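To keep things clear, I will list the structure first and then write my remarks on it.
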């Protein structure tokens, strides 16, 4: 074991060094704001080391805007935009992408509808032209519509027997009982069955517009060249989206446990309480605090107390889930049915202990060291960097975020972390869902 440990260290170190060097090169290059001739904005990091272009784009407003009874609309559109457009039917469009070695994908989240494009530099004009027709002239022919519908429904049926999915969806319904965030992004079997081709066309017409568009680009292209390509792909979109706004919402956290009885060999646990929005001045303090609580892998409080010391659970972790109109601290665990009650007891106890006694100076320093040192690992591909550029715009982080991010974490003090823990962490507001046959766990407080 000792020799294996050192072998793993030597394997990891070169990867970390490569990532660090790559990150320093990216950060040294200025993130450029590009305004196209038609006035469309994109953020760019030039990288001429490889003849590749990676594009990430998103339209603000996702599945939370799906009309009642039409849940899953955004998701279904995301599966169909590359299934035929313009003069090309589904097979012809896919064959064109393959012949050009172009990757084009779309996806839907609660707050955004996004896409990604990757192409060789020499084929970028044709790639952006395919993106244009996919966004502005999707066909929604009968065969691909029914094929994608069947795939979505098959997936939804499978998820009805997945304990982790059941737990997370039930918890979201508990937290947001009368808000779109409580609905499933992929919809329900009934709602997906009800979606028509007119619904799909209306989505594209009403929700894909220049007013809610953000773009991030990394690769082998100059700013003056990018502007023309941006117009090629996006200038034909409507100027403004025509959708209602999603309202801000406070999650309903009453500290109760919901048990969903299923004959599974173990219990899947999901728990959450109110968090902080991404633009909150204390967000980075919470970011550090969450690492200590449950995000820090083998070193987190919950891992040490729940798994390492007591062997109660197969897994336990927490994460921050800031949305556009609310925010959560989210956690999950998986344990044997007979140990579910004790697992919940320890999770609540650690929640309370951290709030009452705070963190130690060593925990704080270790957390900041990891969070700043691991940041370069996010820059291991042009696609990941393009996604970061998108996130920077989506969250209004500024062009200089890559340079200042680690400094924001380093500024977090012990006093600030412990004050926030006292103010925010509350085991009495920790809403919990358990799926399985947990012994000694009942519905209620």
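The values are calculated or read from the model by the stated rules, or taken from the named source; none is laboratory data. Just so we're clear, the structure is a prediction, and the values are computed from it rather than from any experiment. Cβ placement follows ideal geometry from the backbone for every residue including glycine, while neighbour counts extend to all protein chains displayed.
Any residue at all in region 412-426 that is over 22 Å from residue 328 (Cα atoms), touching a residue at least 24 places away in the same chain (Cβ under 8 Å) and surrounded by 14 or more Cβ atoms within 10 Å (Cβ to Cβ)? Checking region 412-426: at least one residue is over 22 Å from residue 328 (Cα atoms), touching a residue at least 24 places away in the same chain (Cβ under 8 Å) and surrounded by 14 or more Cβ atoms within 10 Å (Cβ to Cβ). Of the numbered criteria (1) without any contact (Cβ under 8 Å) to a residue 12 or more places away in the chain; (2) at positive phi, the one residue 255 fails is (1).
The residue list 170, 202 contains one member that is over 27 Å from residue 321 (Cα atoms), assigned by TED's automatic domain parsing to the domain that holds residue 67 and modelled with pLDDT of 95 or more, which is 202. If only residues of region 128-157 that are over 22 Å from residue 70 (Cβ atoms) and buried (at least 21 other Cβ atoms within 10 Å of the Cβ) are counted, the one that is nearest to the chain's Cα centre (by Cα) is 131. In this entry, residue 267 is excluded by the filter for residues that are surrounded by 22 or more Cβ atoms within 10 Å (Cβ to Cβ) and without any contact (Cβ under 8 Å) to a residue 24 or more places away in the chain.
Of note, residue 80 does not satisfy the criterion of being crowded, with 19+ Cβ neighbours inside 10 Å and closer than 30 Å to residue 376 by Cβ. The strands (runs of 3 or more DSSP E) found wholly in region 1-73 include none carrying at least 3 residues that are on the phi > 0 side of the Ramachandran plot, touching a helix residue (DSSP H, G or I) at 6+ places or on another chain (Cβ under 8 Å) and at pLDDT below 95. Out of all the residues in region 219-230, is one or more touching a residue at least 24 places away in the same chain (Cβ under 8 Å), buried (at least 17 other Cβ atoms within 10 Å of the Cβ), out of contact with any strand residue (DSSP E or B) (no Cβ under 6 Å at 6 or more places or on another chain) and not assigned by TED's automatic domain parsing to the domain that holds residue 86? Taking every residue of region 219-230 in turn, none turns out to be touching a residue at least 24 places away in the same chain (Cβ under 8 Å), buried (at least 17 other Cβ atoms within 10 Å of the Cβ), out of contact with any strand residue (DSSP E or B) (no Cβ under 6 Å at 6 or more places or on another chain) and not assigned by TED's automatic domain parsing to the domain that holds residue 86.
Condition check ((1) modelled with pLDDT of 95 or more; (2) farther than 25 Å from residue 64 by Cα) across all residues:
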| site | (1), (2) |
| --- | --- |
| 278 | yes, no |
| 281 | yes, yes |
| 290 | yes, yes |
| 297 | no, yes |
| 302 | yes, yes |
| 330 | yes, no |
| 333 | yes, yes |
| 346 | yes, yes |
| 362 | yes, yes |
